[in-house]
Structure formats: C-alpha cells, structure tokens
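See below for the structure under consideration.
The values are calculated or read from the model by the stated rules, or taken from the named source; none is laboratory data. Note that the structure is predicted; figures quoted are calculated from it, not measured. Here the Cβ is made from the backbone with ideal geometry for all residues, glycine too, and neighbour counts use every protein chain on show.
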C-alpha cells in the first residue's frame, strides 16, 4: 500500500511540456491507450466507504487498483493498492460473477508516461482537454509544476470521472 497524492493541471498544449521534461532530465516511459472500468456492488458498498475499484486495460499493461480513504483538497489523495493483471478480460468476468458491476468506464485515448526523481507524471489527452497529472508529495508537485511553468490556477484535485461528468453536463470543464 502507498499513499497516492496527485494533482491535474489543465494545459493548452503538451509539446512545450515535453521539451521542458527532457531538459530537466525526466525519463520518457511510453505512450498508451487505456480503458478504465470502475466496479461496485449493486448496494454501492465501495461508494459508501469512499473507496474505488478500477480495472485498467492498457495497450500492454493492465492493473487492478483499489483506493480508499479518498480525499480531495488542494490535492487528491488515497491509500492505493495495485496489482499487475495478466488477463484483464477474464478478471472483469470474475468480478462480475462475484457480484461487482461496472458503474462507469472511459477511454484515455492517449496517456504519455514520464518519471522524474522517482515520481510519476502523465500527459493526458482527452476530447475535453489536455492535462499534466503529477504524483508525489505536495512539495514535489508544486516544485515540478513551477519548473514546468504550469499555471496552478488551472489545477484540479478532481478525478477524471468528475471532470468527464462536468464536461458532459456543461460541455465545458469546471476546474
């Protein structure tokens, strides 16, 4: 288990961010498409506990992630448990057979992974916007955002689920 702390920052364009990441010595890890499936019981046991069960099916990597103690303030944080999955379609069937149901899913058409000083960040492209998502301590997140010249007034601790719902509801983002 680890305590995950993250922040998303909306950006207009990712090209300059990539150049800055290379300049500071960040390591490019690849670009992937990912499809996230979120599960709960019909009684919404996980929702009531402020917990989340996600199956991420990627181009080459697949993960089952359980998050609890979800908190949002200036940063989003959660206790995170994660395992690599070899056969995600079979795991999805197993979860459904034991009573879990998919309550939400979405496709990340382009997710670019980077690492810097032992922390992860992603450059995410959605039809509703482009984001830099930084994981690490609040101090690390602030420092890297400053190095990349990111605008903190355009940051959000909201999940992509909430951002996508905002977009669908208002046809614009509420960050």
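The set of residues from region 133-144 being in contact (Cβ under 8 Å) with a residue 40 or more places away in the chain, out of contact with any helix residue (DSSP H, G or I) (no Cβ under 6 Å at 6 or more places or on another chain) and either surrounded by 16 or more Cβ atoms within 10 Å (Cβ to Cβ) or under 14 Å from residue 21 (Cβ atoms) (or both) comprises 133, 135, 136, 141.
Give, as residue ranges, the strands (runs of 3 or more DSSP E) completely inside region 27-116 that count at least 2 residues that are loosely packed, with under 15 Cβ neighbours inside 10 Å and touching a strand residue (DSSP E or B) at 6+ places or on another chain (Cβ under 9 Å). Write out each step before concluding.
Numbers: elements: 27-40, 52-58, 62-72, 76-84, 101-116.
The qualifying strands (runs of 3 or more DSSP E) are 27-40, 62-72, 76-84, 101-116.
From the list 33, 61, the lone residue that is under 19 Å from the mean Cα position of the chain (by Cα) and under 24 Å from residue 157 (Cα atoms) is 33.
Name the residue, out of 158, 130, that is part of a loop (DSSP other than H, G, I, E, B) and within 18 Å of residue 36 (Cα to Cα). Can you show your working first?
Details: 130 fails: part of a loop (DSSP other than H, G, I, E, B).
Going through 158, 130 in turn, the sole match is 158.
Listed residues 121, 144; which is at pLDDT 95 or above, under 21 Å from residue 3 (Cα atoms), in contact with a strand residue (DSSP E or B) (Cβ under 9 Å, 6 or more places away or on another chain) and part of a strand (DSSP E or B)? Before the answer, list the steps.
Numbers: 144 fails: part of a strand (DSSP E or B).
Result of the check over 121, 144: 121.
What do you reckon, is residue 117 in contact (Cβ under 8 Å) with a residue 12 or more places away in the chain, farther than 21 Å from residue 57 by Cα and under 18 Å from the mean Cα position of the chain (by Cα)? Spell out the reasoning first.
On the way: in contact (Cβ under 8 Å) with a residue 12 or more places away in the chain: yes; farther than 21 Å from residue 57 by Cα: yes; under 18 Å from the mean Cα position of the chain (by Cα): no.
No, not satisfied.
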